[in-house]
Structures are given as C-alpha cells and as structure tokens.
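Participant: Handing you a structure now.
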Amino acid sequence: QLGKSGMLVGAEVAGYDPEHNISATIETIVRGQTGLEVVEIKTRGNETFNTDPEKYVDQLMFYMYLTGSKQGHIAHVNRDDPNQVRFATYQYDPKRMQAVFDRVEEARNEIRGLVEEGVVSPYETYDLLSRIEILARTAPDSPEFREYVQHAQTKGGFGGMEQRRFDRAIKSAQL
C-alpha cells in the first residue's frame, strides 16, 4: 500500500557508512512529514509488545544517520495478535548516535586485543556470511562450506544486501 500511495521510497535498502565501516539493510524508507523517514518493523510477543528495547532504537538511529532522516519509526507488530500494531516515533539524536559508534569501536578494540593475545584466532572474527563467501571462492567442495551453507539456510535471517551476497556466493561455488 505504501508503494501505491507514493510514500514508499525503498524497501530493504542496502546502506554503508565508510567512516565507521558499518553496513546495514534498511527495512523501509518512506516520504513522511519531515522528508525521508525510516520505518523499522519488529515482530514481538505479548510479553514484550509494549517495550522499546534500546537496541532497536540504536538500530533506527543508525538508519536515520545513513539516510539523513530527521525522524524514524518502529512499528511493533504483536505476533500473538497481528492485528495489534504499535508505532513509536523517534527524532534523530546525534549524541546517541555517537555513543553507538563509540560502543562499536570499543567492541572492535576488545576483539583486536583478544586476537593479539592469541585468545581468539583472526579467522574466528569472520561472520557467517563472510566465511561462506571466502569458502565459495577457495574451497567450495569442503565440508566446512556445506556446513556453513546449511546453517545459514536453516537459520535464515539474511535480508536485502546480505541475501544477495549469499546468493552470489552460492552461484560462484557452483561455477
């Protein structure tokens, strides 16, 4: 319906911030009262339906940062009663966004320290999708590649840009 009304600008839009090296798939961008606005949809059960977890707000802030949006919304859909939808609206907060960037950098520094200390192998720092992409190019017949692909297919959760990367890796492994 958003598309028919002319409000929809994009769905599952790939975004990347080169300054902080963070990528994302923005669920929905619409034309709103303040210009471009982001709408993030979260499916929640009865027990958490009326709460706004900070991680969701931080995620929305990042999407607003990427798009230059002044305002964004989280649409909470009750999985126990899908007719029940609650919208929470947020204004972009640059101080909050900086705090998120600081936490990301702190986590990266902690991982770097663990790698330097030998507690974590540098190879363990690759996410599932990156492992699949690397193995698709270097060892497509390996049991590890098949295991990671099966795990990804069972787990699901790839959206937008990630799904396209996954599909490309699978296709390249079959060539």
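Participant: How much accessible surface area, in Å² rounded to 10, belongs to the heavy atoms of Asp167 with a 1.4 Å probe?
Facilitator: 80 Å²
Participant: Mind giving me the FRET efficiency for Asp17 and Ile41? R0 is 22 Å, r the Cβ-Cβ distance, nearest 0.05 is fine. Please list the in-between numbers first.
Facilitator: Working: r = 22 Å, r/R0 = 0.99.
That pair, Asp17 with Ile41, gives E of 0.50.
Participant: Tyr126 to Gln33: FRET efficiency via 1/(1 + (r/R0)^6), r the Cβ-Cβ distance, R0 30 Å, to the nearest 0.05? Let's see the in-between values first.
Facilitator: Numbers: r = 42 Å, r/R0 = 1.39.
With a Förster radius of 30 Å, E is 0.10.
Participant: Loop-only GluC sites (Glu not before Pro) in the range 105-175, please: DSSP not H, G, I, E or B, and at most 16 other Cβ atoms within 10 Å.
Facilitator: Details: sites: Glu105, Glu106, Glu110, Glu116, Glu117, Glu124, Glu133, Glu144, Glu147, Glu162; in loops: Glu117.
Filter output for the range 105-175: Glu117.
Participant: Considering Cα pairs under 8 angstrom that are at least six residues apart, work out the relative contact order of the chain and quote it in whole percent. Can you show the working numbers first?
Facilitator: Working: 223 pairs, mean separation 28.6, N = 175.
Relative contact order, the chain: 16 percent.
Participant: Mind checking the range 23-83 for GluC sites (Glu not before Pro) that DSSP puts in a loop (not H, G, I, E or B) and that have at most 11 other Cβ atoms within 10 Å? Walk me through the intermediate numbers first.
Facilitator: Values: sites: Glu27, Glu37, Glu40, Glu47, Glu54; in loops: Glu47.
Listed in order of number, the matching sites are Glu47.
Participant: In square angstrom, what is the accessible area per residue of the chain with a 1.4 angstrom probe? All intermediate terms of the calculation are to be shown ahead of the outcome.
Facilitator: Details: 11060 Å² over 175 residues.
Per-residue accessible area for the chain comes out at 63 Å².
Participant: Calculate how steeply helix 143-155 sits against the longest principal axis of the alpha-carbon atoms of the chain, using the helix alpha-carbon long axis, and give the answer as 0 to 90 degrees to the nearest 10.
Facilitator: So the helix axis and the longest Cα principal axis differ by about 20 degrees.
Participant: Okay, moving on. Mind giving me the FRET efficiency for Ser142 and Ile111? R0 is 30 Å, r the Cβ-Cβ distance, nearest 0.05 is fine. Provide the component values of the computation, followed by the final result.
Facilitator: Working: r = 25 Å, r/R0 = 0.85.
So, using R0 = 30 Å, E works out to roughly 0.75.
Participant: Still on this structure, I have one more. Give a residue-ordered list of calculated ³J(HN,Hα) values for the range 118-128 (Karplus: 6.51 cos²θ - 1.76 cosθ + 1.60, θ = phi - 60°; whole Hz; x for Gly, Pro).
Facilitator: My calculation for the range 118-128 gives x, 6, 10, 6, x, 6, 7, 8, 7, 6, 4 Hz in order.
Participant: What distance in nm lies between label points placed 7 Å from Cα along the C-beta direction at Gln150 and Ser172?
Facilitator: 2.4 nm
Participant: While we're here: Just checking my list (i) 1.17; (ii) 1.14; (iii) 1.02 against Rg/Rh (Cα atoms, Kirkwood Rh) computed from this structure; which label fits?
Facilitator: (iii)
Participant: Hey, which aspartates and glutamates would be in cross-link range of Lys95, C-alpha to C-alpha under 15 Å, not counting anything within fewer than 8 residues on its own chain?
Facilitator: Glu54, Asp58
Participant: Here's something else I'd like to know. Restricting to the chain, what percent of DSSP beta bridges are antiparallel, rounded to 5? If you can, show how the numbers build up before the last one.
Facilitator: Numbers: 20 of 28 bridges.
Close to 70 percent.
The values are calculated or read from the model by the stated rules, or taken from the named source; none is laboratory data. For clarity, every value in this text was computed on a predicted model and none was experimentally measured. Note that we place each Cβ from the backbone using ideal geometry, even for glycine, and neighbour counts take in every protein chain shown. Calculation scope for accessible area: heavy atoms of the full protein, side chains included, ligands and nucleic acids excluded. Shrake-Rupley method; radii C 1.70, N 1.55, O 1.52, S 1.80 Å.
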